[in-house]
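Here the structure is laid out as C-alpha cells; the discussion comes afterwards.
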C-alpha cells in the first residue's frame with residue numbers, strides 16, 4: 001500500500017492551491033472579461049473606447065497627477081519628520097514615532113469623514129475646492145505610510161559617514177544631497193510604492209471629499225462595479241496593473257530587495 | 001539649541017495637524033449638536049445616540065467577528081504556507097513567493113474587483129464566506145511575510161535532533177518547530193487583525209448586502225451627508241482604545257527593557 005510520508009514541504013501545497021484559486025485565477029478572469037464581449041468572443045472595443053474617449057483619458061491623467069502630487073507632498077512633509085524622529089539628537093522617545101503611526105489604526109473611512117468635517121469647518125469643501133479637498137484628504141491618509149519606511153531606513157543610516165562628510169568639508173546642503181538622500185533611497189522608493197498607485201485607487205477619499213467632481217481611475221472602476229459592468233471595470237483594472245508594473249520598473253534599479261512588504 | 005527647538009516644534013506641529021480632524025470630532029462628541037462649530041453645552045447625548053443606534057452596534061459586532069475569524073484563518077493558512085515555502089525546492093519557493101506577493105503590491109481595488117468577478121463567473125452567491133475569503137487574500141501574505149524571517153533565524157538542527165530522538169515528524173513540528181516561530185505567528189495575527197479592521201474596498205466588493213461593517217456603514221454616512229454625532233462618539237471611543245493600547249504597549253516594552261538591563 002502506498003503510504004504518503006509527511007514532509008514539511010507538502011504544507012506549501014495547501015497555500016499554493018489557495019493562491020492559485022483566489023489570487024491568480026481572479027486576475028486571469030480580469031483579462032478574460034476585459035477582452036471578451038457578452039457572447040464570449042474576443043474583442044478589443046473596450047481598449048479602443050478607453051483610448052478614444054476624452055473623459056476616460058482625462059480621468060487617467062488626473063489620477064496620475066493627483067497620485068504624483070500626493071507622493072511629492074507626503075515626501076516633502078514626511079521626510080523631515082522621519083529624519084528628526086530617527087535622529088537621537090532631536091528625539092529619544094519611541095512614543096513620538098508611535099503617535100505618528102497611530103492614525104493608521106483608526107478606521108480609515110472614519111478618518112476621511114473627520115477630515116471632511118474639519119475642511120468643511122474651515123470653509124473648504126467638495127463644492128468650492130474639490131481638488132484641494134481631495135489632495136488634503138490623501139495627504140492625511142498616506143503620510144504615516146511614508147514616515148514609517150523612511151524612519152526604518154534612516155535608523156539604519158551610518159551616522160559616522162555623515163560626520164566624515166562634515167569633517168572633510170562638506171556643507172550641510174552638500175551632505176544632504178550627496179550623502180543622506182542616496183543613503184535613504186530605499187526608504188524613498190518604498191514610500192513611493194506605498195503612495196503613488198494606492199492614491200489612484202482610493203476612491204473613498206475622492207468620493208467623500210471631492211463632492212462627486214473628482215473622478216480618479218478608482219472611482220471609474222467602482223462605478224462599473226456598481227452597475228455590474230465587469231468588462232469595463234476589468235479593462236481599467238488592467239490599466240492599473242500596467243501603472244503598478246511601470247512604477248516597479250522605474251524604481252527597480254534603485255532598490256533590489258526592499259518593497260512594500262519590507263515595512264513589516 | 002535653537003536647532004533643537006525648531007526640530008521639536010516641527011515634529012509637534014505636524015503631529016497636531018495630523019490629529020486635528022480626529023481631535024475636532026473628539027471635542028464635538030461632548031455636545032449635542034449636528035453641526036461642527038456650534039457648541040450647545042456639555043452633553044453625553046452623542047454617546048447615547050451611538051449606543052442606541054442598532055445599525056452601528058451590529059456593524060461594530062460584525063467588524064470584530066470578521067476580523068477575528070479572518071485573523072485566525074489567515075494565521076493558520078499563513079503558518080502552514082510559510083513552513084511549506086521554507087522547506088520547498090528553490091523553484092517552488094520562488095513561484096509561491098511570487099504569487100504570495102501579488103496581493104501585497106496590487107492595488108486593493110484590483111484585488112477586490114478580481115475576487116468579485118471570480119464569484120460572479122462561478123455564480124457564487126455573496127455571503128460571509130466570500131467576504132472571509134476576501135479578507136484572507138488581503139491579509140495572509142502579510143502573515144507569511146512576518147513568519148518567514150523567523151524560520152530563517154531558527155536553528156534547524158533542533159528539529160533534526162527531535163527526529164533522531166524518536167519524535168514523529170508531526171510531533172516535531174508541533175513541539176519543536178512551531179514554538180520557535182511563535183513571535184512571528186503572533187505578529188502576523190496582529191497585523192492581519194489590523195488590516196481586516198481597517199479594510200473598506202475588499203469588504204464592499206465581497207460582502208452580501210445584509211452584512212454591514214464599520215467601514216461600510218461609515219462610508220455610506222460620509223458620502224451622503226457627513227458624520228452624525230453618534231459617529232463622533234464612535235471616533236472618540238476608537239481613538240481612546242487605540243491610545244490605551246499604545247500606552248500599555250509602551251509601558252510593557254520599557255519594563256521588558258528595564259528587566260533586560262538589570263540582568264546584565
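The table below lists the values:
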item	result
Point-to-point label distance, residue B:253-residue B:15, nm (Cα→Cβ direction, 7 Å offset)	1.3
A:185, A:138, A:194 arranged by Cβ crowding within 10 Å, fewest neighbours leading	A:185, A:194, A:138
Residue A:94 versus residue B:175: modelled label distance in nm, points set 7 Å from Cα along the beta carbon direction	3.4
Per-residue Cβ neighbour rank within 10 angstrom, fewest leading, B:135, A:10	A:10, B:135
Angle between chain A longest axis and helix A:108-121 axis [Cα atoms, degrees, rounded to 10]	70
Simple spin-label estimate for residue A:87 and residue A:13 in nanometres, 7 Å along Cα-Cβ	5.7
Exposure proxy ranking, count of Cβ atoms within 10 Å, fewest first, for A:240, A:104	A:104, A:240
Three-way shape call for the protein assembly as shown based on the alpha-carbon gyration tensor, with the a/c threshold at 1.5	rounded
Number of partner chain Cβ atoms within 10 Å, mean per residue of A:215-221	2
Helix axis angle, B:178-198 relative to chain B longest principal axis, alpha carbon, degrees	30
Span from the the range A:103-170 Cα centroid across to the the range B:187-212 one, whole angstrom	24
Using alpha-carbon coordinates, inclination of helix B:229-263 to the longest axis of chain B, degrees	40
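Every read-out reported here was derived from the displayed coordinates using simple, explicitly stated rules and does not represent laboratory data. As the structure is a prediction and not an experimental result, all values here were calculated from the model. FYI the Cβ positions are ideal-geometry reconstructions off the backbone, even for glycines, and counts take in every protein chain you see.
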